[in-house]
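Written out below as structure tokens is the structure these notes cover.
The numbers here are math on the coordinates, done by the rules we state, and not lab data. Since the structure is predicted, the reported quantities are computational estimates derived from the model, not experimental observations. Here the Cβ positions follow ideal geometry from the backbone for every residue, glycine too, while neighbour counts run over all protein chains shown.
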Amino acid sequence: MKSKKSNTSKKKYKSSSKTNKNILEEIIRVDHAGEYGATRIYDGQIFIFGKNSKIGKTIQHMADQEQEHIETFEKLIINYRVRPTALLPLWNIAGFALGASTAIMGEKAAMACTVAVERVIGEHYKKQSKLLKDDQKKLRSTIKKFEKDELEHHDIGIAHDAEKTPGYSILSSFISLGCKAAIAVSKKV
Ligand SMILES: [Fe+2]
Ligand SMILES: [Fe+2]
């Protein structure tokens, strides 16, 4: 009798500490997509500024971290056998176009793009780490580390006068909305 009781409580503990499979797959799919998009945004900005310019070097530091993020998710996509989003070709073009077009508008606008994107991604990672249970401790700590990197990128943008871009609030809301839409579809499609 006694052992039966402890079995039940063990089972209960197990089910509450296990991450929902669909949620787990969506997390890996959307993060892979997002990190890919981030590398393309910074590629677009560096293409315009050149990697040897002062701003180019600052962006390169963030791009290097995005490279580490995408490589991690490329491994996770394989290890967890998750189908990548079918929209990667779109994020390839859209990410580069967003990066290049904001860079053409100037250094502050490029940084405004960084602030908007990284704020959305930072919040997105924060929400995700709450969805991951104890069976995904390693993934949860990876996401927490990346969240920290993204917030650092956000702060770099602020420190480079992103908010002084003419039309900052319109540009920022436009980019935030686009990122949120990209997140919503990349989970599923
Ligand atoms: Fe990232
Ligand atoms: Fe980032």
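Other residues with beta-carbon under 12 Å from the beta-carbon of Leu24 carry, at +1 per Lys or Arg and -1 per Asp or Glu, a net charge of +3.
Of interest is the spacing of the C-alpha centroids, which for region 47-72 and region 91-129 amounts to 13 Å. FRET efficiency for the Arg81 to Phe47 pair, using the beta carbon distance and R₀ = 25 Å, is estimated at 0.15. Longer than 20 Å from Cα to Cα, which of Lys18/Lys138; Lys18/Lys144; Lys54/Lys148; Lys75/Lys180 are they? Say none if no pair is. Violating the 20 Å Cα-Cα cut-off are Lys54/Lys148; Lys75/Lys180. Pairwise inverse Cα distances across region 95-147, averaged and inverted, put the Kirkwood hydrodynamic radius at 12.5 Å. Normalised by 2.2 N^0.38 Å, where N is the number of residues, the C-alpha radius of gyration of region 123-189 stands at 1.36. Based on the reciprocal of the average 1/r between different C-alpha atoms, the Kirkwood radius for the chain equals 17.4 Å.
Within the listed set Ile70, Ile46, Ile23, the residue fluctuating most in the Gaussian network model of the chain (springs between alpha-carbon atoms under 10 angstrom) is Ile23.
Of the peptides 79-85, 32-38, 177-183, 156-162, the order by per-residue mean of other Cβ atoms within 10 Å, starting with the highest, comes out as 32-38, 156-162, 177-183, 79-85.
What number, in percent, do you get for the relative contact order of region 21-188 if the mean sequence gap of Cα pairs under 8 Å and at least 6 apart is divided by its residue count? For region 21-188, the relative contact order is 30 percent. Principal axis analysis of the Cα atoms in region 49-99 yields extents of 41, 21, 9 Å, listed in decreasing size.
For region 91-108, backbone phi angles converted through the Karplus equation (6.51, -1.76, 1.60; θ = phi - 60°) give residue-by-residue couplings of 5, 4, 6, 5, x, 4, 5, 5, x, 5, 5, 5, 5, 4, 5, x, 4, 5 Hz, Gly and Pro being listed as x.
Sequence-ordered 3J(HN,Hα) estimates for region 127-132 from the Karplus curve with 6.51, -1.76 and 1.60 and θ = phi - 60° stand at 4, 5, 5, 6, 7, 7 Hz, glycine and proline given as x.
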